[in-house]
Amino acid sequence: MPERVMFTMGDIACAEGALSAGCRYFGGYPITPATEIAEWMSIRMPQEGGAYVQYEDEIAAITSVIGASWTGAKSMTATSGPGVSLMLEAVGLAVMTETPLVLVNIMRGGPSTGQPTRGQQGDIMQAKWGSHGDYQIIALTPASVQEMFDQTVQAFNLAEKYRTPVFVLADETVGHMRERLVIPDEKDLKLENRKTPTVDPEDYLPFKADDDLVPPMAVFGSKYQFYATGLTHDERGYPSDKENVQIELVTRLQNKILHNADKIIDVERIELDDAKIGVIAYGTPSRSAKKAIKDAREEGIKAGLLRLKTVWPFPEEQVARLASEVDHIIVAEQNLGQVYHMVKATAAPTPVHLMSKPAGMPQLPHEILAKLRDVNSM
Amino acid sequence: MTESTPVLRHPMSKYIREDRQPYIYCPGCSIGIVTNMIAHAIENLGMDINKTVVVSGIGCTGRTSGYFKTGTYHTTHGRAIAFAEGVKIANPELEVIVVSGDGDLAAIGGNHLIHACRRNIDMTVICINNFMYGMTGGQFGPTTEHGRYSQTSPRPYGNLEHPFNLVKLAASSGATFVARWTAVQARRATKSIEKGIKKEGFSFVEIIGACPTAYGRMNRLGDGVTMHRHLLEVAEIQNGLPPHEAELDYATKIICGEFVDIEKPEYTAVLAEMQRKAKGE
């Protein structure tokens, strides 16, 4: 399809991004404020020869997505925090069986039912630590309608490349804001597809990784027969309770993300070259921060912004570099402090100031400016 | 040098991962019998093993999928049907068989079971019902009869709850093919599994099995042979009986047969039609 321009909301841009990435299976369950993704998919999927399937709950929705992915279909689900709470069981299964999928979380106020129609960024740590056991996750944090499209495409690319579930963590404001969206010509999109095995079926070891630590993936309906299980398994995919098998597996699952972190992590550095105060933000608060540092500079405060477009794996090197450049760091996030703790651990001894706001309206530019003035006078 | 003795191979072994033998099952367990039924159904129908997917949940029966030389997947507890739905909808050319236990399918997976029946996606669900949770050591579950003993309904209390009748549950939820057999009625059960696979719709086949290690021991029902002999004695064949009359009383009568065989638009067929319409074909 040639280039298209829309004036639309983040949720719909996300759905269009998925379709452009080649997603042909959506398993969902309605939830505010992610419902528009499901609604848009229910219209668009049949047009693209795909399936929108509405399940009885979020657990079934995401588990079906894992099933669809094992047929070779690029697959996704979209929900909000309460739905993610139910889906975390399957996130672990997808990690363990190395299943590519995209999980979009349009973050609303929590805990529990919280404020369904109000945005928040309270699910950052949930995405990283929510399912039991040791694992790494990839999470992208778009801040505009265009990025909802672009980063959903990127989420599919990363899921396919590293055979892992990938989160798109967008706050409700990003999900519901309306902006101009340019959907590029499909020829201009760079799409990744999972590696498939090339060996004879008799020689196929479904969980034997290549040098990049990612095993080629056979699918149902191909000439390869295999067993995949959420149990700890060896290269054949067979369950094992041996200590060394567990250590090798969880270490490889961790390292296939961490060793490729430089290819996954995406940050934007704005006005940081001579900055004395660095603001770290992502999603909607990063838009306020952009305006705030501009206003601060007009007052002679040398402020800059490190905007995180990905939060997991955590951009440790980028934050450490910022800490070596500035006198103070301010973390502005729409929660009681989640990325803040990661920054504090990475930035020491540079002082890190939290600007938290666990409520629906993100930090406004003048509020961040006031914080910049405070810190500047320290 | 001694000559190696030729080993007699089981005729169904071509469908089984022999490098995973022996099975994890206890002596006297019914799950091996049902595994054999499924292998025979695959053989009798001439199914392409590359186009066949066997899915299980968690528990003793949950291990079944891993022994088949088809595409197989071992999901989290209760989610076998949800996984299988994603497989079938994303690639309707595949034959999808779910085999799992009563605890997995009717307790933690109960919601998925009834909604899959309602949705009518073409797949065959085989539930081996041994009346409690076996893998965790014999606790009562959604099919344990009232008053029966288990690790969590011990003597002298017995089970406070009342069981699901899975045939009634599947039939009233909308399954298009519903049957029940005991593990000792291997030929009839295999035929019903074959019918279920051929049926273009959601099929549910319950196989009543014996767990001498846990259920048998705690309820003093004897060893595996004794329990299977009992199943044969109390099985009463009533093909075509209205499903709401398909009673199950372990001690006295287990109504067996095929109770539902109806036609209803199948999900993936309707979806394919919708896709054609959406493209303006």
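Residue check: is A:Gly27 within 30 Å of A:Asp188 (Cβ to Cβ), in contact with a helix residue (DSSP H, G or I) (Cβ under 8 Å, 6 or more places away or on another chain) and either among the β-branched types (Val, Ile, Thr) or within 14 Å of another protein chain (Cβ to nearest Cβ) (or both)?
Yes.
Please go through region A:46-70 and give me each residue that is buried (at least 24 other Cβ atoms within 10 Å of the Cβ), of a type in the set (S, T, N, Q) and at the interface with chain B (Cβ under 7 Å from one of its Cβ atoms), ordered by number.
Selection gives A:Thr63, A:Ser64.
Here is a check on your reading of the model: is A:Val84 more than 10 Å from chain B (Cβ to nearest Cβ), free of Cβ contacts under 8 Å to residues at least 60 places away in the same chain, crowded, with 24+ Cβ neighbours inside 10 Å and of a type in the set (A, V, I, L, M, F, W, C)?
Yes: the conditions hold for A:Val84.
Which one is nearest to the other protein chains (Cβ to nearest Cβ), of the residues in region A:7-24 that are more than 19 Å from the chain's Cα centre (by Cα) and touching a residue at least 60 places away in the same chain (Cβ under 8 Å)?
A:Thr8
Suppose we keep only residues that are in contact with a strand residue (DSSP E or B) (Cβ under 6 Å, 6 or more places away or on another chain), in a helix (DSSP H, G or I) and within 17 Å of B:Gly196 (Cβ to Cβ) within region B:84-106. Which one would you say is nearest to the other protein chains (Cβ to nearest Cβ)?
Going through the qualifying residues, I end up with B:Val87.
Quick one: in region B:38-83, of everything that is out of contact with any helix residue (DSSP H, G or I) (no Cβ under 7 Å at 6 or more places or on another chain) and within 13 Å of B:Glu95 (Cβ to Cβ), which residue is nearest to the other protein chains (Cβ to nearest Cβ)?
If we take residues in region B:38-83 being out of contact with any helix residue (DSSP H, G or I) (no Cβ under 7 Å at 6 or more places or on another chain) and within 13 Å of B:Glu95 (Cβ to Cβ), then B:Gly71 is nearest to the other protein chains (Cβ to nearest Cβ).
Please verify whether A:Lys223 is of a type outside the set (Ser, Thr, Tyr) and away from chain B (no Cβ under 14 Å), treating the condition exactly as stated.
For A:Lys223, the condition - of a type outside the set (Ser, Thr, Tyr) and away from chain B (no Cβ under 14 Å) - is not met.
Taking A:Ser42, is it over 20 Å from the mean Cα position of the chain (by Cα), part of a helix (DSSP H, G or I), more than 10 Å from chain B (Cβ to nearest Cβ) and not aliphatic (A, V, I, L, M)?
For A:Ser42, the condition - over 20 Å from the mean Cα position of the chain (by Cα), part of a helix (DSSP H, G or I), more than 10 Å from chain B (Cβ to nearest Cβ) and not aliphatic (A, V, I, L, M) - is met.
Conditions first: (1) surrounded by fewer than 20 Cβ atoms within 10 Å (Cβ to Cβ); (2) touching a Gly at 6+ places or on another chain (Cβ under 7 Å); (3) within 30 Å of B:Arg119 (Cα to Cα). B:Gly224 passes all but one, so which condition is the exception?
Answer for B:Gly224: the failing condition is (3).
Values in this text are rule-based calculations from the coordinates and carry no lab data. In this text, all values refer to a predicted model and were calculated from it rather than measured experimentally. Heads up, the Cβs are rebuilt from the backbone with ideal geometry, glycines too, and the neighbour counts pull from every protein chain shown.
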